[in-house]
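The values are calculated or read from the model by the stated rules, or taken from the named source; none is laboratory data. The structure presented is a predicted model; accordingly, all values stated were derived computationally and were not measured. When we count neighbours, we look across all protein chains shown, and the Cβ atoms used for this are built from the backbone with ideal geometry, even at glycine. Surface areas here come from the heavy atoms of the whole protein model, side chains and all, with no ligands, DNA or RNA. Shrake-Rupley method; radii C 1.70, N 1.55, O 1.52, S 1.80 Å.
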Amino acid sequence: MKQLLIALLACLPLMAMAQNTWELPQDQQQQADAKKATVSVKNKSIEDPKYLAGAVPEVDGRVVFTLDKDVPGMSADDIYQKVYDVMDAITKEDNQLETSKIAAVNKGEHTIAGRYKEWLVFQSNFISLDRTVFNYTLIAQSQDGHIHVTMERMSYAYEKDRTDIRTGMEARAEEWITDKMALNKKQTKLAKYSGKFRRKTIDRKDYIFGQICGALGLKY
């Protein structure tokens, strides 16, 4: 018996060479394949469509975000006052610089213009602070049962306050966050540098328009 066992062990290498197709049992193989597929999906970068093609509209060559909503049953005076309160409150937010203000009003035409200069923060932690100065104008026009707001004249001043680099960057939205400038050629991903400006600008626009809609009892 011992001699027979030794003979079988001696033949194992030859048997392995002849078969050469070791594999997992079917159920284990399926689990392994599923795990690989999951890792592949997790590693694939999928950008939120809200930041992709068409998310930054241009009007006559200028970047202009527009909120245009019906406000049933509300007078122009009431809409004007509620929107004024929101626009004024924005000037007092923690991220605002001292020049942010309601720049002009026309109560007779129910129009408000606000000019804002604020910090737009990309990343903030105990190691670093990445942010840009963001300039923009809000213009609100109220009518009986309707509100029209534009966010325009946007520009950025990035890293102008740093002393460890030669110069910072100044750019208008038209030069920096359009589809052409802030998306890849296939328009499936945000560009490496300008993409973060586009993302945060869209987020900021959504926040402001959302605040105005909320004050008017509307969904944004």
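Applying both filters, DSSP loop and at most 12 other Cβ atoms within 10 Å, to the GluC sites (Glu not before Pro) of segment 83-124 gives Glu93, Glu98, Glu109.
Among the trypsin sites (Lys or Arg not before Pro) in segment 121-170, those placed in a DSSP loop whose Cβ has at most 15 other Cβ atoms within 10 Å are Lys160, Arg162, Arg166.
Note that segment 51-192 presents 58 Å² accessible area per residue, ligands and nucleic acids not counted, probe 1.4 Å.
Gain on full extension, evaluated as 0.36 nm per residue between Glu98 and His148 minus their Cα-Cα distance, stands at 15.4 nm.
Comparing Cα centroids, segment 167-203 and segment 101-115 end up 30 angstrom apart.
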